[in-house]
Amino acid sequence: ASDGVTRQQFFTSGNGGASWQLGLMHAPGGTAAPLGYVATRLAGGPGGWLAVGPQATWTSPDGLSWTLAAARGISPQQPGDQMLVLNSAAQGYLAAGTGRAPGGGSQAVIWTSRDGLTWQRQTAAQLGLAGPGETVENISYATAQGNATVIAGTVARDGTTYSGVWLSTGGGTAWQRVTVPTDHGASTSVTGLGSGQSGLIAVRAGHAAGGGAHGVA
């Protein structure tokens, strides 16, 4: 931002983050990128890159050159919807967050898209994420590797909240509940998801043998 004008910028690195360069940006047709149109979430991988904000959708084949593909964010969204996480998935992209539940309170919402421009919105109830007596209030974390996409969020039942974790091998169209261990003093909350060469990683808050705060992966 400068002199009241905001412009989107992308930085790229080809050497593991040792040095960075401004990415190329343009509008459709190759003209200069307009001012504004700020993105707030970024996702990508071998299949392409996506950055979205409330009034912007940027796409890139490689993360180096970006196009303002649409002057809107993820759609459809209903009043009260809030996107918390954006991630590449097995067959495109997945966004998730929270929305208003019928009768009050909040419910988890998931959007899926093959190209980052056309989205399908479904609630946790429509996807069957909750168990008997449960309400899935939000989805706050997501990661993917190969055909596996994993999400985690807050689940409420009888006044108690804890984390739920789900796996999809079809790009987010169908999900199954999975169990992340709570060994080594871990709490019931998932505080992060990721992936690496060793596979998928979930992180829980916990306590060390001496009683101090500790992380459990």
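Considering 146, 128, 104, the condition of being among the small types (Gly, Ala, Ser), open to solvent by 30 Å² or more (accessible area, probe 1.4 Å) and in contact with a Phe, Trp or Tyr (Cβ under 8 Å, 6 or more places away or on another chain) is satisfied by 128 alone. Scanning the stretch 192-217 for residues that are assigned to a strand (DSSP E or B), closer than 17 Å to residue 150 by Cβ and without any contact (Cβ under 8 Å) to a residue 24 or more places away in the chain returns 196, 203.
If you go through the stretch 86-101 and keep only what is open to solvent by less than 20 Å² (accessible area, probe 1.4 Å), within 22 Å of residue 61 (Cβ to Cβ) and more than 11 Å from the chain's Cα centre (by Cα), you end up with just 92.
Do we have any residue at all in the stretch 64-74 that's surrounded by 10 or more Cβ atoms within 10 Å (Cβ to Cβ), free of Cβ contacts under 8 Å to residues at least 24 places away in the same chain, of a type in the set (Gly, Ala, Ser) and assigned to a loop (DSSP other than H, G, I, E, B)? Looking for residues that are surrounded by 10 or more Cβ atoms within 10 Å (Cβ to Cβ), free of Cβ contacts under 8 Å to residues at least 24 places away in the same chain, of a type in the set (Gly, Ala, Ser) and assigned to a loop (DSSP other than H, G, I, E, B), one finds at least one in the stretch 64-74, hence yes. Filter the stretch 191-214 down to the residues that are at pLDDT below 90 and loosely packed, with under 14 Cβ neighbours inside 10 Å and list them by number. Hits for the stretch 191-214 are 196, 197, 198, 208, 209, 210, 211, 212, 213. If you go through the stretch 174-184 and pick out every residue that is loosely packed, with under 15 Cβ neighbours inside 10 Å and farther than 17 Å from residue 131 by Cα, you end up with 3. Can you name every residue in the stretch 20-57 that is touching a residue at least 24 places away in the same chain (Cβ under 8 Å), open to solvent by 20 Å² or more (accessible area, probe 1.4 Å), of a type outside the set (A, V, I, L, M) and more than 14 Å from residue 115 (Cα to Cα)? Residues satisfying the conditions are 26, 28, 34, 37, 41. From the list 161, 188, the lone residue that is assigned to a strand (DSSP E or B) and either farther than 22 Å from residue 41 by Cα or at pLDDT below 95 (or both) is 161.
Only residues that are part of a loop (DSSP other than H, G, I, E, B) and either of a type in the set (D, E, K, R) or modelled with pLDDT under 95 (or both) were counted across the stretch 11-37, and they come to 15. Scanning the stretch 90-121 for residues that are assigned to a strand (DSSP E or B), touching a residue at least 24 places away in the same chain (Cβ under 8 Å) and of a type outside the set (Ser, Thr, Tyr) yields 92, 94, 95, 96, 97, 99, 107, 108, 109, 110, 111, 121.
All conditions but one from (1) open to solvent by less than 80 Å² (accessible area, probe 1.4 Å); (2) in contact (Cβ under 8 Å) with a residue 40 or more places away in the chain; (3) in a loop (DSSP other than H, G, I, E, B); (4) within 30 Å of residue 105 (Cβ to Cβ) apply to residue 83; the one that does not is (3). Flag not set for residue 204, criterion: within 17 Å of residue 86 (Cα to Cα) and of a type outside the set (Ser, Thr, Tyr).
The values are calculated or read from the model by the stated rules, or taken from the named source; none is laboratory data. Just so we're clear, the structure is a prediction, and the values are computed from it rather than from any experiment. Here Cβ is always computed from backbone atoms with ideal geometry, including for glycine, and neighbour counts include all displayed protein chains. Only protein heavy atoms, including side chains, enter the accessible area calculation; ligands, DNA and RNA are left aside. Shrake-Rupley method; radii C 1.70, N 1.55, O 1.52, S 1.80 Å.
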